[in-house]
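A quick write-up on the structure given underneath.
Throughout, read-outs are computed from the coordinates displayed, never taken from laboratory work. Just so we're clear, the structure is a prediction, and the values are computed from it rather than from any experiment. With ideal geometry, Cβ positions are generated from the backbone for all residues, glycine too; neighbour counts draw on all protein chains shown.
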Amino acid sequence: MANAIALKEKLGLTFPMTIDSNNKAAHQFGLTYVLSDELRPVYENFAINLPEVNGESSFELPLPTTYLIDGHGTIRLAYINADHTYRLDPEEIITVLKSFS
């Protein structure tokens, strides 16, 4: 949680952020996986200490996921990709958000 707050301050973000402590929500949606033993040293080589970042020792990560949910609780867009290098195009997000009105 401290990392998310520090990032928000560093970037000067003014919108509310949601933090999924211990991947509780990700578990409910079935969106977690455990980093393999082979990949753990790769993260360590990049100075990423997952147990420290996550505050627990499971080496568990959430899948990169974007949900846009309207004011009635309807999921208007869901994007999930197991490859963390792919993200939803911001223009697509903006288009969907504009349709909320």
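Which is the longest stretch in the chain that no exposed loop site breaks, taking sites as GluC sites (Glu not before Pro) with a DSSP loop state and at most 15 other Cβ atoms within 10 Å?
57-101
What is the sum of charges, Lys and Arg at +1 and Asp and Glu at -1, for the other residues whose Cβ falls under 14 Å from the Cβ of residue 24?
-3
Between residue 44 and residue 8, what is the spin-label point distance in nm, taking each point 7 Å from the Cα along the Cα→C-beta axis?
It works out to 3.3 nm between the two label points.
When a/c is below 1.5 the answer is rounded, else prolate if a/b is larger than b/c, else oblate, so apply that to the stretch 1-63 with a ≥ b ≥ c taken from the square roots of the Cα gyration tensor eigenvalues.
Numbers: a/c = 2.51, a/b = 1.33, b/c = 1.88.
It comes out oblate by the Cα gyration axes.
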